[in-house]
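Structure incoming, see below.
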Ligand SMILES: Nc1nc2c(c(=O)[nH]1)N[C@H]1C(S)=C(S)[C@@H](COP(=O)(O)OP(=O)(O)OC[C@H]3O[C@@H](n4cnc5c(=O)[nH]c(N)nc54)[C@H](O)[C@@H]3O)O[C@H]1N2
Ligand SMILES: Nc1nc2c(c(=O)[nH]1)N[C@H]1C(S)=C(S)[C@@H](COP(=O)(O)OP(=O)(O)OC[C@H]3O[C@@H](n4cnc5c(=O)[nH]c(N)nc54)[C@H](O)[C@@H]3O)O[C@H]1N2
Ligand code: SF4
Ligand SMILES: [Mo]
């Protein structure tokens, strides 16, 4: 092509080029980075690019997942019409038809089996408005007690621990802004560098300012490599480790006695119990040397300020609540909470992991973090909803337990919104069997996920590009996600889907909203006076102030930046300390001759949860195309596992086949498999059905397994 021709084509290209910009927030993690989708039309071809947008939390940064998020949202496999299974095959149907069938099925089951034959499984990736509405939908439209959500598998232990200790549960007691000035940071079972990458500059600034950073993780990760000290503990040994640390703080008199006396309950009993803690035994149980345990306790105890962050590494355990409470004991014992540059942070997982656990999706909960078993709370919410208190169901069971109720025949229909439980729940073979046993399953999703494939009706939902609403981020900052991208096909917003089913069931009186802001206005009112009080927050304020941190009881009050400065949220204003045994109340999976290794599970940087979205994104999928098992080379040799070969991993509950990945950064007694893949690569086929007795969290982080070279 000549220069002249090239110039002609370039000019033509420029001439027809149009650019549209859409504001939104990342659909993935709790950082909720603000972003813009830029859509350029070049000679009738659309080109997309995502860029970060300044905001107080992520300061304009995006990670690799955010930058590529539009690839799944704009993917050709997005569902565009409702689908109905006829003779085992999905056929597209109209919304009217789908709603008519749902109405017929739900009503028939209600009449023959009772309301509790129906159930709802929700999500912490939907907006606050949708989470609120889904809770109301289960109780008012279906009249069932069976509702719970995927956050049970995620934030369950941290939320329960915070409620028990502080009397309320906002993940962070301080803001991210305070991190750069703290002196010592403990990162317990959190891989922030790969799971909340845009948070890292806050920690980098702390390190530059001289803070000492300690990471606790059985593996080396980008986060442990960033830390000054890495305690490479045995999976499941975090309660023992925290007990060991507290014992040293007591022995070395590194306590804040004034704080303990004025602000806490239970320390004397805890101190007595601590006499039974033997540091040699702690070193043995955790696999961490006594010297490293001392070093951690002394640095943390001596510094004037400090913070502890926990995430799923210590929380997704059969003693997850106990582990979080035991780490919070360290903060309380040294008076490092409720004051500047100190505090506790449960690093929330999903985009709306915080907000979705406040407004009534949990089975025992009503809006405003109220309790469904509290008479006063029941009357308050029933009145606002315009129903008789006697018609408000009581609490049902947790997420995984709902599948047990299906197996028992008590639950016969389920409505799943924005979750893929076949992959994400423990004992996955059982969960699949249970879902197949349902008389009627409805799934609202962006794609025909593994779970949706089992449904009788699949409803197409809109994505973060199309669906506006509020999300509450890792700091407890409520943010308004603007979204105006044209809706794909005949998909509908999740809030519209909820309303349309409710209306089909004759409940339009309770679900009559013209906009998502109207739902938020109702949420404000129902949360008023509750622990998570959003009454003072309006869309107008969110636009003007770039987010508001709750509690915010009145429109004239500013964000609550730091919690617990004067008092904790229990009626007497004090925090509750408690002792938990090194060995836990529920028997943990133990290694044996048959299952000689410990298995732990988690994430990789480029994939998100069950992978349904990130596996559709070519740029992300390219980083990890399949599941793998990280194994120490010595262990691999001992079990005859060659590099990069297929290996069968077996537990009492099932088997999977994944590729081996030799790595000397993992403990020799432990293997690691991420959970972003499906079918024979789904690591949840190996995880047991046991649950933490306090919060019903599964033990995702410890299984006992055997590994053998795969014959396939
Ligand atoms: N890239 C990516 N980012 C994500 C997600 C994702 O899927 N992918 N998911 C989002 C969600 S919903 C969540 S909940 C968060 C999760 O964020 P994290 O909790 O940080 O992620 P995990 O990888 O599950 O676990 C964290 C670390 O715990 C370690 N660990 C395992 N067992 C133990 C143990 O017994 N004790 C200790 N101390 N550590 C242990 C693991 O080796 C792992 O490095 O991430 C969010 N961000
Ligand atoms: N072994 C093991 N298992 C785990 C964990 C672990 O660390 N180890 N972690 C647990 C944790 S922390 C979590 S949070 C869970 C997550 O478990 P899931 O909730 O099952 O995971 P997701 O992949 O987020 O599933 C979301 C589904 O909703 C769809 N979707 C996305 N956006 C929308 C939307 O706006 N509307 C609708 N209707 N659908 C949408 C997606 O396509 C996808 O199919 O997994 C848990 N399971
Ligand atoms: S840090 Fe989280 S919210 Fe931000 S771009 Fe990455 S995945 Fe999205
Ligand atoms: Mo999560």
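The values are calculated or read from the model by the stated rules, or taken from the named source; none is laboratory data. As the structure is a prediction and not an experimental result, all values here were calculated from the model. All Cβ positions, glycine included, derive from the backbone under ideal geometry; neighbour counts span all protein chains shown.
Given the criterion within 16 Å of ligand 2 (Cβ to nearest atom), in a strand (DSSP E or B) and surrounded by 24 or more Cβ atoms within 10 Å (Cβ to Cβ), identify the matching residue among 431, 443. Spell out the reasoning first.
Working: 431 fails: in a strand (DSSP E or B).
Criteria check complete, one pass: 443.
When you scan region 508-559, how many residues do you find that are at positive phi and touching a strand residue (DSSP E or B) at 6+ places or on another chain (Cβ under 7 Å)?
So the answer is 1.
Related question: Only one residue in 383, 453, 390 is touching a helix residue (DSSP H, G or I) at 6+ places or on another chain (Cβ under 9 Å), without any contact (Cβ under 8 Å) to a residue 24 or more places away in the chain and within 13 Å of ligand 2 (Cβ to nearest atom), so which one is that? Quick ask: steps written out before the conclusion?
On the way: 383 fails: within 13 Å of ligand 2 (Cβ to nearest atom); 390 fails: within 13 Å of ligand 2 (Cβ to nearest atom).
Going through 383, 453, 390 in turn, the sole match is 453.
Here is a yes/no grid of residues against (1) under 18 Å from residue 219 (Cα atoms); (2) away from ligand 2 (no atom under 13 Å from the Cβ):
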{"residue": "590", "(1), (2)": "no, yes"}
{"residue": "599", "(1), (2)": "yes, no"}
{"residue": "603", "(1), (2)": "yes, no"}
{"residue": "607", "(1), (2)": "no, no"}
{"residue": "614", "(1), (2)": "no, no"}
{"residue": "618", "(1), (2)": "no, yes"}
{"residue": "622", "(1), (2)": "no, yes"}
{"residue": "626", "(1), (2)": "no, yes"}
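Could you tell me whether residue 661 is farther than 28 Å from residue 158 by Cα, within 16 Å of ligand 1 (Cβ to nearest atom) and modelled with pLDDT of 95 or more?
yes
Check residue 515 against each of (1) under 23 Å from the mean Cα position of the chain (by Cα); (2) under 26 Å from residue 547 (Cβ atoms) and name the one condition it does not meet.
Only one criterion is unmet by residue 515, namely (1).
Moving on to the next point. Could you figure out which of (1) touching a strand residue (DSSP E or B) at 6+ places or on another chain (Cβ under 7 Å); (2) free of Cβ contacts under 8 Å to residues at least 40 places away in the same chain isn't true of residue 324?
(2)
Out of the strands (runs of 3 or more DSSP E) lying entirely within region 613-665, which hold 2 or more residues that are in contact (Cβ under 8 Å) with a residue 12 or more places away in the chain and over 26 Å from the mean Cα position of the chain (by Cα)?
Once the strands (runs of 3 or more DSSP E) in region 613-665 are filtered for at least 2 residues that are in contact (Cβ under 8 Å) with a residue 12 or more places away in the chain and over 26 Å from the mean Cα position of the chain (by Cα), what remains is 646-651, 654-662.
Separate question: Within region 140-161, work out how many residues are in a helix (DSSP H, G or I) and surrounded by fewer than 24 Cβ atoms within 10 Å (Cβ to Cβ).
2
Here's a follow-up. Residues 677, 655: which one is away from ligand 3 (no atom under 16 Å from the Cβ) and within 18 Å of residue 195 (Cα to Cα)?
677
Yes or no, residue by residue, for (1) modelled with pLDDT of 95 or more; (2) more than 30 Å from residue 497 (Cα to Cα):
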| site | (1), (2) |
| --- | --- |
| 4 | no, yes |
| 19 | no, yes |
| 22 | yes, no |
| 33 | yes, no |
| 55 | yes, yes |
| 71 | yes, no |
| 95 | yes, no |
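Still on this structure, I have one more. Residues to consider are 86, 67, 51; find the one that is over 28 Å from the mean Cα position of the chain (by Cα) and over 19 Å from residue 492 (Cα atoms).
Unique residue meeting the criteria: 86.
Let me ask you something else. Somewhere in region 282-289, is a residue part of a loop (DSSP other than H, G, I, E, B), crowded, with 23+ Cβ neighbours inside 10 Å and more than 18 Å from the chain's Cα centre (by Cα)?
No.
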